[in-house]
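Everything below concerns the one structure shown next.
FYI, it's all coordinate maths here, none of it is from the lab. Source: prediction; values computed, not measured. Heads up, the Cβs are rebuilt from the backbone with ideal geometry, glycines too, and the neighbour counts pull from every protein chain shown.
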Amino acid sequence: MTSEDITVKLYSSKCDELLKEGEIRFAGIVDKDGKLIAGGFKQGLTPHEGDETRLNAFLEFVSKASIRKEYDESLGPINYLAARRDKAVLVSFPFPITQILLLISAEPSANIENLAKKVVEIFTDVS
């Protein structure tokens, strides 16, 4: 098993852990090319119509925003980006060193700060 396989397996288990949270519908790790490398929709969940398309559009926006570094020096790096929609909350967490993103879709009632704390708790040991 390669180190890449081990890393993907670690990310998959972390996403599975996040998916145990009641409000989370999708948790996935996406590489810099926008390809899903780990995670996905909660098992047994029927995605909203257009969920995949919306996630891809959000991912495109987020990856561009996360790459921008012009405010890092004065404000610090991006911890996460969030968008609250009528039908879902979308939150992305950039992993700058490995140039990947954790993307989460949750129910509209989700508390973004609580989601962020949960992500930090679960992904603390991942660089």
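Structural remarks
- Computed from point charges on the beta carbon alone (+1 for Lys and Arg, -1 for Asp and Glu), the dipole magnitude for the stretch 3-123 about its Cα centre is near 100 Debye.
- For the stretch 3-123, relative contact order (Cα pairs under 8 Å, six or more residues apart, normalised by length) works out to 27 percent.
- Going from the residue with the fewest nearby Cβ atoms within 10 Å to the one with the most, Tyr71, Tyr80 rank Tyr71, Tyr80.
- Straight-line cross-link reach from Lys9 at under 28 Å between alpha-carbon atoms covers these lysines, not counting any fewer than eight positions away in the same chain: Lys20, Lys32, Lys35, Lys42, Lys64, Lys117, Lys118.
- P(r) histogram, all alpha-carbon pairs of the stretch 3-123 included - 5 Å bins from 0, percent: 2, 11, 23, 25, 21, 12, 5, 1, 0
- Other residues lying with their Cβ under 11 Å from the Cβ of Ile29 contribute a combined charge of +1, Lys and Arg counting +1, Asp and Glu -1.
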